[in-house]
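Trainee: Let me give you the structure first, and then I'll get to my questions.
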Amino acid sequence: MRSPLTRDVALLLARIGIGAVFIAHGWQKLFDYGIDGVAASFDQMDVPLPTAAAWFSALVELVGGAALIIGVATPVVALFLLADMVGAYIFVHAGNGMFVEQGGAELVLALGAASIVFAGLGSGRFSLDHVVGPRLWKTEAAGTESR
């Protein structure tokens, strides 16, 4: 059950599911609430630099979620998503218990934990990272050898 194929399929399915949730929340911030609405909400929650934080969270969630699904720059993208979830936890959900209906941390903890997994394990074989990454490393290695 712990074959490389199983691992890669699990990473792919997890990337699709988690990426879709991030995309939905980024889309919501950009196009449903609008950045001004998100910034106003962040300001009420005492989030520092609320407009910058609104842009950061919306773009990281939307673009990062899409990047996660296709598996491009996965470890770096996952660290940005993790930072977004740490901020959401600290400024919004800490102290509200666990459950979402009370403003709790369950969603940001789950998304943050998934981000840690992707940062540590990468995207697996079924990803753009797997297709492009080896070519990039070969190009970089060839470039440094000729110097």
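The values are calculated or read from the model by the stated rules, or taken from the named source; none is laboratory data. As the structure is a computational prediction, the values presented were derived from the model and not from experiment. Glycine gets a Cβ as well: all are built from the backbone with ideal geometry, and neighbour counts include every protein chain shown. Note: areas computed on protein heavy atoms with side chains; ligands, DNA, RNA excluded. Shrake-Rupley method; radii C 1.70, N 1.55, O 1.52, S 1.80 Å.
Trainee: Among the numbered criteria (1) under 14 Å from the mean Cα position of the chain (by Cα); (2) assigned to a helix (DSSP H, G or I), which single criterion is violated by Val72?
Mentor: Failing condition for Val72: (2).
Trainee: With the condition kept exactly as written, say whether any residue in the range 53-64 is within 23 Å of Asp129 (Cα to Cα), touching a Gly at 6+ places or on another chain (Cβ under 6 Å) and buried (at least 17 other Cβ atoms within 10 Å of the Cβ).
Mentor: Yes: the range 53-64 contains one or more residues that are within 23 Å of Asp129 (Cα to Cα), touching a Gly at 6+ places or on another chain (Cβ under 6 Å) and buried (at least 17 other Cβ atoms within 10 Å of the Cβ).
Trainee: Please give the number of the condition Val77 fails out of (1) within 23 Å of Gly133 (Cα to Cα); (2) surrounded by fewer than 20 Cβ atoms within 10 Å (Cβ to Cβ); (3) in contact with a helix residue (DSSP H, G or I) (Cβ under 6 Å, 6 or more places away or on another chain).
Mentor: (2)
Trainee: Show the residue pairs that are 6+ apart or on different chains and have beta-carbon atoms under 9 Å apart, the first residue being within the range 80-92 and under 9 Å from Val47 (Cβ atoms), the second being in a helix (DSSP H, G or I) and open to solvent by 70 Å² or more (accessible area, probe 1.4 Å).
Mentor: Pairs found: Gly87/Phe56.
Trainee: When the residues of the range 25-52 are filtered to those that are in a helix (DSSP H, G or I) and among the acidic types (Asp, Glu), which remaining residue is surrounded by the most Cβ atoms within 10 Å (Cβ to Cβ)?
Mentor: This residue is Asp43.
Trainee: Going through the range 82-135 one residue at a time, which ones are of a type in the set (Phe, Trp, Tyr) and out of contact with any Ser or Thr (no Cβ under 8 Å at 6 or more places or on another chain)?
Mentor: Tyr89, Phe91, Phe99, Phe126
Trainee: Next up: Taking the condition under 20 Å from Leu11 (Cα atoms), open to solvent by 30 Å² or more (accessible area, probe 1.4 Å) and not in a loop (DSSP other than H, G, I, E, B), does Ala113 pass?
Mentor: Taking the combined requirement at face value, the residue satisfies it.
Trainee: If a residue must be aromatic (Phe, Trp, Tyr) and under 24 Å from Met45 (Cα atoms), how many such residues does the range 93-127 contain?
Mentor: Qualifying residue count, the range 93-127: 1.
Trainee: Here is a follow-up. Out of everything in the range 116-147 that is open to solvent by less than 20 Å² (accessible area, probe 1.4 Å) and assigned to a helix (DSSP H, G or I), what residue ends up being modelled with the highest pLDDT?
Mentor: For the range 116-147, the residue satisfying everything is Phe118.
Trainee: Can you name the condition, by its number, that Glu101 falls short on among (1) modelled with pLDDT of 95 or more; (2) assigned to a helix (DSSP H, G or I)?
Mentor: (1)
Trainee: Looking at the range 80-99, which of its residues are open to solvent by less than 80 Å² (accessible area, probe 1.4 Å) and of a type in the set (A, V, I, L, M)?
Mentor: Leu81, Leu82, Ala83, Met85, Val86, Ala88, Val92, Ala94
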